[in-house]
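Engineer: Structure below; questions to follow.
The values are calculated or read from the model by the stated rules, or taken from the named source; none is laboratory data. Predicted, not measured: the structure shown is a model, and the values here were computed from it. Note: ideal-geometry Cβ built from the backbone for every residue, glycine included; neighbour counts use all protein chains shown. Only protein heavy atoms, including side chains, enter the accessible area calculation; ligands, DNA and RNA are left aside. Shrake-Rupley method; radii C 1.70, N 1.55, O 1.52, S 1.80 Å.
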Amino acid sequence: MNKVPSNIMALTSNTSNKRETVCIFGTGDFGRALGHKLIQSGYPVVFGSRSTQKSSLLPKDAEVLSHAEAAQKAAIIIIAIQRQYYNFLAPLAEILHGKVLVDISNNLKINQYPESNAEYLAQIVPGAKVVKAFNTVSAWALQSGTLDASRQVFVCGNDMEAKQMVMDIVRALGLTPLDQGSLLAAQEIENYPLQLFPMWKFPVLLSLGLTTFFFFYCLIRNVIYPYVTENKDFSFFIAISIPNQICPVLALILLALVYLPGVLAAIIQLYRGTKYHRFPDWLDKWMLCRKQLGLVALAFASLHILYTLIIPTRSFVRWRISSQTVSQALNNKTEALDITNAWLSDSYLALGILGYFLFVLLGITSLPSVSNNVNWREFRFVQSKLGYLTLVLCTAHTLVYGGKWFLSPSSYRWYLPDTYMLSLIVPCIVLVVKFVLVFPCLDRPLTQIRQGWERNPQHSE
């Protein structure tokens, strides 16, 4: 076999129709899946393995050679093995000199090692050009072709030409490369697949906390109170009635919490007289997860819609309606239509429908596939202007629904107000403060501050 010296192999991007040979070290699940995909995309593939015996699991068009022989046949070598086995590459340092080594490995936990796997690989083979890529794509996605959820491939490396070659391969596979900079970014890229919904942690924990609080709050008011005071068993309320009280309350509170950090940020900027001071960390983190808060709120609003739709089918509701009908028949008296109540009922239903429609529109606009197709002004109009309108409609829906009971003593069981009253606290605070900030005496200086004006520029950071 004629061996081609590694130092004369050109490292050029794929600009012709003929694909360059790609070498893969490792015949595991990911190595095989990537080999299949590369061959389908027109790349000749050679596997470097300890055993040169061809396995039926490997692509039939791929060649299997020893590590040294396979490395000599390609300028790009994909290292599809775990970090703990990298030491076998040290004796191959001379052959790998000048080659592009693509590190695709992941760890079992975040920041498992002091340096990234890619940086460790660069230490073992100092003459190679190490590029981090493909670690966010699963073998299953490559094999099944289901790449919609993992189409982005983060790429980083110190050599621009080597990165470009890898990104050409990424594009040829139908994926989208994202240049993350130098190899210093490899640690963050390796941590990315290990993160479990990082921006969802606060919204989910907050929702669970509020759900637990309001569940026991409703349990005390709607089940324990009538049982203690009237000896009535309403324990079945736990299945439908209590969840249908919790869901709209959480939807309204979480929606208000989406816009509360913006209001707080405006107050802080007005107080400081500059936009160049950093917000507190808690406010920064809060603002970063506003989209997730809004989507969780939309989920609770959707559950409220579903619970409301099944109300007529409930045994308790059918029993109550039939009892009222029988009572009117026995008394030979028909209750007249209360026009005021009819207006209130239709009004709060109409406000709820309009509010939910805008709520869904906000949720759709926040999806990446939609938000990427609108410009910043359009996105801000929907998320800000229509967002506040949604909050106004949903708050009005709640006020019209229970406003008449605010002064009713029966609404305060054991001096505890109804849940809808508690749900109005945060939205009303947000809307009142936002209304005040709209006044020209505050809106004008706030706009100037956000455009770069400073009250005391000598003290800015």
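Engineer: Hey, could you get me the Stokes-Einstein D for the range 339-394, Kirkwood radius over alpha-carbon pairs, 25 °C and 0.890 mPa s, rounded to whole µm² s⁻¹?
Structural biologist: Numbers: Rh = 12.3 Å.
Here the translational diffusion coefficient equals 200 µm²/s.
Engineer: Another question about this same structure. Working from Cα positions, state the angle (0 to 90°, nearest 10) between the long axis of helix 201-219 and the longest principal axis of the chain.
Structural biologist: It is inclined by approximately 30 degrees.
Engineer: Cα-Cα pairs above 16 Å in the range 267-332: how many percent?
Structural biologist: 71
Engineer: Which aspartates and glutamates does K60 reach when only Cα atoms under 17 Å apart count, and residues fewer than 8 places away in its own chain are ignored?
Structural biologist: List returned: D29.
Engineer: If you keep only loop residues by DSSP, which trypsin sites (Lys or Arg not before Pro) in the range 62-144 have at most 13 other Cβ atoms within 10 Å of their Cβ?
Structural biologist: Those that pass, being in a loop and sparsely packed, are K109.
Engineer: Taking the Cα centre of the chain as origin, work out the dipole magnitude from +1 charges on Lys and Arg Cβ and -1 charges on Asp and Glu Cβ, in debye rounded to 20.
Structural biologist: With Lys and Arg at +1 and Asp and Glu at -1, about 440 debye.
Engineer: Regarding the chain, what are the three Cα extents along the principal axes, ordered largest first, in Å?
Structural biologist: Over the chain, Cα extents along the principal axes are 106, 64, 40 Å.
Engineer: Continuing with the same structure: Which whole-number value in Å³ per residue fits the convex hull of the alpha carbons of the range 46-204?
Structural biologist: It is 133 Å³ per residue.
Engineer: Another one. In degrees between 0 and 90, to the nearest 10, how far off the longest principal axis of the chain does helix 241-272 point, with axes built from Cα atoms?
Structural biologist: Result, in degrees: 70.
Engineer: How large is the dipole of the range 22-194 about the Cα centre if only Lys and Arg carry +1 and Asp and Glu carry -1, each at its Cβ, rounded to the nearest 20 debye?
Structural biologist: 380
Engineer: Here's a follow-up. Note down, for the range 357-461, the three equivalent ellipsoid semi-axes (square root of 5 times each alpha carbon gyration tensor eigenvalue), biggest first, whole angstrom. Walk me through the numbers on the way to the answer.
Structural biologist: On the way: eigenvalues 245, 106, 25 Å².
The equivalent ellipsoid of the range 357-461 has semi-axes of 35, 23, 11 Å.
Engineer: Loop-only check: which chymotrypsin sites (Phe, Trp or Tyr not before Pro) in the range 205-292 are DSSP coil with at most 15 other Cβ within 10 angstrom?
Structural biologist: Y276
Engineer: Still on this model: Give me the angle, in degrees from 0 to 90, between the Cα long axis of helix 29-40 and the longest principal axis of the Cα atoms of the chain, rounded to the nearest 10.
Structural biologist: For helix 29-40, the angle is close to 80 degrees.
Engineer: Can you tell me the Rg and Dmax of the range 163-266, counting just the alpha carbons, in angstroms?
Structural biologist: 24.3, 78
Engineer: Rounded to the nearest 5, what % of DSSP beta bridges with both residues in the chain are antiparallel?
Structural biologist: 10
Engineer: When the expected Rg is taken as 2.2 N^0.38 Å, what fraction or multiple of it is the alpha-carbon Rg of the range 82-168?
Structural biologist: 1.15
Engineer: Can you give the Kirkwood hydrodynamic radius for the range 200-451, in Å, rounded to one decimal and based on Cα pairs? The partial results should precede the final answer.
Structural biologist: Values: mean 1/r = 0.0486 Å⁻¹.
Across the range 200-451, the inverse of the average 1/r is 20.6 Å.
Engineer: Per residue, how much accessible area does the chain show when a 1.4 Å probe rolls over the protein heavy atoms, in square angstrom?
Structural biologist: About 56 Å² of surface per residue is accessible.
Engineer: Show me 444-455, 350-361 ranked by packing, highest mean number of other Cβ atoms within 10 Å first.
Structural biologist: Most protected by this proxy first, the peptides run 350-361, 444-455.
Engineer: Once neighbouring chains are kept in place and the probe is 1.4 Å, which whole percent of the accessible area of the chain is contributed by carbon and sulfur?
Structural biologist: Result for the chain: 61 percent of the exposed heavy-atom area is carbon or sulfur.
Engineer: Plugging the Kirkwood radius over Cα pairs into Stokes-Einstein for the range 302-373, at a temperature of 20 °C and a viscosity of 1.002 mPa s, what D comes out in µm²/s?
Structural biologist: 135
Engineer: For the range 37-96, just list the percent of Cα-Cα distances falling in each 5 Å bin from zero outward, please.
Structural biologist: Calculated over all Cα pairs of the range 37-96, the distribution is 4, 16, 27, 28, 16, 8, 1 percent.
Engineer: Please list, or write none, the lysines whose alpha carbon is within less than 20 Å of the alpha carbon of K54, excluding same-chain residues fewer than 8 places away.
Structural biologist: Here the lysines satisfying the reach criterion relative to K54 are K37, K73.
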